[in-house]
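Here's the structure, in structure tokens; my notes come after.
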Amino acid sequence: MSSNLKFCVSQQPNSVPYTFKTTGIRVYTFEEMLYHVFHYWRESVDEFLSEKLISWVAELGHSYLATRMKELTRTESFAARILEFLRLSDYFGEEEINGLKVTLEKWELRREWEKLKERADLFAQKNEPEKAIPLYKRALQYDENAPILNNLGIQYLKINAVKEGFSYLTRALSLEPKNISILLHYIEAAILCGKFDKASKVIQKASEINPNHPDIDFLRGLMSYEQKDYPTALTYFEKAINSNKTVPYYAHKAVDIHLKMRQYEKALTALKKTTTHDSTYYEKEAEIYAAWGDIPRAIKSMQSALSATNEPSAAAYTKLAAYYRQDYDTTRAETAIKKALTLNPENNIVRLENARIKKGLGRTREYQAVLNEILKSFKDNYRNA
């Protein structure tokens, strides 16, 4: 049995982790770093031989391995680079590496825009638009096509950058004017930008292509909602819900109207009309209870939301932390926000909630330090823009 043991490269304990930007995962040893790259190779494409990671490896005392990593940056083939990187120690066997080799070589044969789009799509599916957007924009440099423009527009809508979203969706629609999916996203962007005349014309076009699509009623409701005609909006949202009870956001918008009117029981009734009880369902339920003033029930709903998903998000843990803070349970709030920071340490919404919790705990210096981090982040983002 002893012949199967593998000794770690790092023989000394390390308290300074390396945090992968794309996943937010922290690693403390060389082996953990290899494990991350092996299992998240798409997310690690731009990072596994970065100067920052090489410096971290050198600081661990592995100057030879850091030098080898620098040498690998000159290897032309991506597949060869990552496979040789994974062979820097004997952590993985050749059978595992050869299994990955087949996948990597097939992936490398694809066009550059396709590879970038696939990586961006991964972040889009995880609801991390701030990570998806740069990759979609890089993909556009290789090929300007409707799928990239459409997906990029959607991600901008998710971060409430509606003008940018509308711009990209306009370009997507010009390339594929009869694509129903792009049409519907364009309508949503037009509505959110207040371009109601344009939205009305394109809604008519979409209804001619697919008159029974439930999104059409939803979008008509959204247009009424944005114009503060809430009774008409509710009528359209109800029609959309009755057409397809598996789409959560139809019910969610109906809930938003009831919350504006402080009709909390009606908000719960509207939410229960959807048959999809996933994590977003319980998050919306938590939002209703919080607005109602029942924070303990909101906490239970957020706990259900986290239990309903295999990949809890930083946003979900941040909401749970906020509810604990509002319930004056700063100890549990701190536990929840630490989990959020582990998943997305550079997200300013997460940082801001962390600051509020530090303030609630009376840790004034830590509170001020977090605020300074947020301010520095805003300055850096402004310079990059």
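The values are calculated or read from the model by the stated rules, or taken from the named source; none is laboratory data. Everything quoted here is computed from the prediction, not taken from an experiment. Because the Cβ atoms are built from the backbone with ideal geometry, glycine has one as well, and the counts that use them run over all protein chains shown. Remember, those area values only see protein heavy atoms, side chains included, never the ligands or the DNA or RNA. Shrake-Rupley method; radii C 1.70, N 1.55, O 1.52, S 1.80 Å.
Tabulated values for the structure
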| read-out | value |
| --- | --- |
| Convex hull projection area averaged over all views, region 238-385, Cα basis, nm² | 10.3 nm² |
| Percentage of interatomic Cα-Cα distances in region 222-261 larger than 12 Å | 52 percent |
| Whole-number Å³ per residue for the convex hull built on Cα positions in region 101-140 | 59 Å³ |
| Entries of Lys126/Lys376; Lys163/Lys339; Lys205/Lys228; Lys239/Lys260; Lys178/Lys284; Lys163/Lys319 with Cα pairs more than 31 Å apart | Lys163/Lys339; Lys178/Lys284 |
| Estimated D of region 241-292 in µm² per second, where Rh is the Kirkwood radius over Cα pairs and Stokes-Einstein applies at 37 °C, 0.692 mPa s | 310 µm²/s |
| Under the Debye formula (equal points on every Cα, no solvent term), log10 I(q)/I(0) of the chain at q = 0.07, 0.10, 0.11, 0.13 Å⁻¹ | -0.42, -0.84, -0.99, -1.26 |
| Percent of Cα pairs exceeding the 14 Å cut-off, where the set is region 184-245 | 51 percent |
| Cleavage-rule hits (chymotrypsin sites (Phe, Trp or Tyr not before Pro)) in region 24-118: DSSP loop, at most 12 neighbouring Cβ within 10 angstrom | none |
| Percent carbon-and-sulfur accessible area, the chain, ignoring ligands, DNA and RNA, probe 1.4 Å | 49 percent |
| Selected from Ile159, Ile216, Ile25 as most flexible by GNM, with the chain as the system and alpha-carbon contacts under 10 Å | Ile159 |
| Total formal charge among the other residues, if their Cβ is under 11 angstrom from that of Pro17, Lys/Arg +1 and Asp/Glu -1 | 0 |
| Relative contact order of the chain, defined on C-alpha pairs under 8 angstrom at six or more residues apart (%) | 7 percent |
| Stokes-Einstein D in µm²/s, Kirkwood radius over Cα pairs - region 107-163 at 4 °C with 1.567 mPa s viscosity | 117 µm²/s |
| Helical contribution to [θ] at 222 nm, DSSP H n ≥ 4, -39,500 (n - 2.57), averaged over the chain, rounded to 500 | -22500 deg cm²/dmol |
| Relative contact order of region 234-293, defined on C-alpha pairs under 8 angstrom at six or more residues apart (%) | 33 percent |
| Longest DSSP-loop-exposure-free segment, GluC sites (Glu not before Pro), the chain, at most 16 other Cβ within 10 Å | 145-345 |
| Low-density loop positions, trypsin sites (Lys or Arg not before Pro), region 95-144 - DSSP coil, at most 12 other Cβ in 10 Å | Arg110, Arg111 |
| Simple label model, 7 Å out from Cα along Cβ direction - Ala291 to Lys376, nm | 3.8 nm |
| Computed over region 241-385: relative contact order in percent, which uses C-alpha pairs under 8 Å that are six or more apart | 14 percent |
